[in-house]
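Here the structure comes first, spelled out in structure tokens, and everything after it is commentary.
The values are calculated or read from the model by the stated rules, or taken from the named source; none is laboratory data. Owing to the predicted nature of the structure, the values given are computational and were not obtained by experimental measurement. Glycine also receives a Cβ, built like all others from the backbone with ideal geometry; neighbour counts cover every protein chain displayed.
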Amino acid sequence: MAQDLQNTRVLITGAGVRIGRQIALSFARAGARVIVHYNQSEEAAQELLAVLNGISNGHCCVRADLTNSEERQTLIPGLIAGGLSLNCLINNASVYRRCPLAHVISERLREDYEINFVAPFLLMRDFALYCEEGCIINLLDQRVASVDPSASTYGFAKKSLRDATEAAAVQWAPRIRVNAVAPGLVLAPEGVAPESLARLVKQVPMAEPSAPEEIADACLFLATARTITGQIIYVDGGLHLTGAPLPEREAADYSRP
Ligand SMILES: NC(=O)c1ccc[n+]([C@@H]2O[C@H](COP(=O)([O-])OP(=O)(O)OC[C@H]3O[C@@H](n4cnc5c(N)ncnc54)[C@H](OP(=O)(O)O)[C@@H]3O)[C@@H](O)[C@H]2O)c1
């Protein structure tokens, strides 16, 4: 796998912590200049920037709340106006929340779509409008391959992002390649005990969680694969083939919220 990203400047959203942080490290080690986007994790982002600067020069941080339309719509044009032309965008920022379908209120629906679909889609659009060429990589979820009612509006939004990935891959070729990585079990969401992850791992065909480094490796591959577009790489130990992990099917909850 070619991993020479010397001519790559990549914007990675939600890169201060967890999977985004690992993608930033792996891209910097492969020679890319990394723009670490964060919202609330300022301290972690600055700490990561110091680590990246120990690897090579040319990295920086940028803060934006991607659910704030003003901050979102000035993100890419602002970087370019500041002399930071991009040729790679990785839409990693996300919020994962479960909710019984009958409890979804309109505000919740809007919030989940805003961060998991609207923001990454509009960043894709701005990349197409303001950047000359390059590639976009969207972080999906292996749940896009099956039906997991518990994933609720998060799952619906990720499926919309999958559709946008494939549509843009066709419409923007050959100038911009658009691909996706769909993780399975990697890191337990904030507030979820690692023991519950261990329980779910029993349903993964490969019988182990995927490491953040594997997600980053898939992104690195897509960033350098010159003719691959519209592709989704599932990094999930085969989970998408057997369906989303459901320890027990949740009964419908019709209690009024
Ligand atoms: N973790 C897994 O096992 C797993 C499984 C399947 C799919 N995935 C996908 O892989 C990607 C990374 O997963 P993860 O678990 O590392 O993600 P995460 O920790 O849930 O979220 C990553 C970052 O998104 C940023 N974010 C959230 N709301 C934002 C907002 N309004 N504006 C700007 N940034 C915002 C946050 O940045 P700040 O902290 O700076 O606010 C957060 O640190 C996600 O797209 C996720 O859906 C992960």
- Query: How many residues does the stretch 122-143 contain that are outside any helix (DSSP H, G or I), in contact (Cβ under 8 Å) with a residue 60 or more places away in the chain and touching a Gly at 6+ places or on another chain (Cβ under 9 Å)?
  - Reply: 1
- Note on the structure: With the first residue restricted to the stretch 83-94 and required to be under 20 Å from Arg18 (Cβ atoms) and modelled with pLDDT of 95 or more, and the second required to be in a loop (DSSP other than H, G, I, E, B) and small (Gly, Ala, Ser), Cβ contacts under 9 Å at 6 or more apart or on different chains are Cys88/Ala32; Ile90/Ala15; Asn91/Gly14; Asn92/Gly14; Asn92/Ala15; Ala93/Gly14; Ala93/Ala15; Ser94/Gly14
- Would you call Ala119 surrounded by fewer than 23 Cβ atoms within 10 Å (Cβ to Cβ), modelled with pLDDT of 95 or more, assigned to a helix (DSSP H, G or I) and small (Gly, Ala, Ser)? no
- Item | Residue ID - surrounded by the fewest Cβ atoms within 10 Å (Cβ to Cβ), chosen from residues in the stretch 131-187 that are of a type in the set (Ser, Thr, Tyr) and touching a helix residue (DSSP H, G or I) at 6+ places or on another chain (Cβ under 7 Å) | Ser146
- Message: Any residue at all in the stretch 151-171 that's within 29 Å of Gly238 (Cβ to Cβ) and at pLDDT below 95?
- Response: yes
- Which numbered condition trips up Cys60, out of (1) farther than 24 Å from Thr165 by Cα; (2) touching a strand residue (DSSP E or B) at 6+ places or on another chain (Cβ under 7 Å); (3) away from the ligand (no atom under 16 Å from the Cβ); (4) not small (Gly, Ala, Ser)? (3)
- Item | Every pair of residues 6+ apart whose Cβ atoms lie under 6 Å, when the first sits in the stretch 6-22 and is at negative phi and in a loop (DSSP other than H, G, I, E, B) while the second is within 6 Å of the ligand (Cβ to nearest atom) and of a type outside the set (Gly, Ala, Ser) | Thr13/Asn92; Gly16/Tyr38
- Note on the structure: Result of the Cβ filter at 9 Å on the stretch 47-60, keeping first residues that are at positive phi and partners that are in a strand (DSSP E or B), at least 6 apart or interchain, is Gly58/Arg9; Gly58/Arg33; Gly58/Val34
- Item | Considering residues of the stretch 188-235 that are over 24 Å from Arg29 (Cβ atoms), polar (S, T, N, Q) and touching a helix residue (DSSP H, G or I) at 6+ places or on another chain (Cβ under 8 Å) only, the residue surrounded by the fewest Cβ atoms within 10 Å (Cβ to Cβ) | Gln203
- Starting from the stretch 33-46, take each residue that is of a type in the set (A, V, I, L, M) and modelled with pLDDT of 95 or more and list its partners that are near the ligand (Cβ under 7 Å from one of its atoms) and assigned to a helix (DSSP H, G or I), counting only C-beta distances under 8 angstrom and pairs at least six apart or across chains. Val36/Ala45
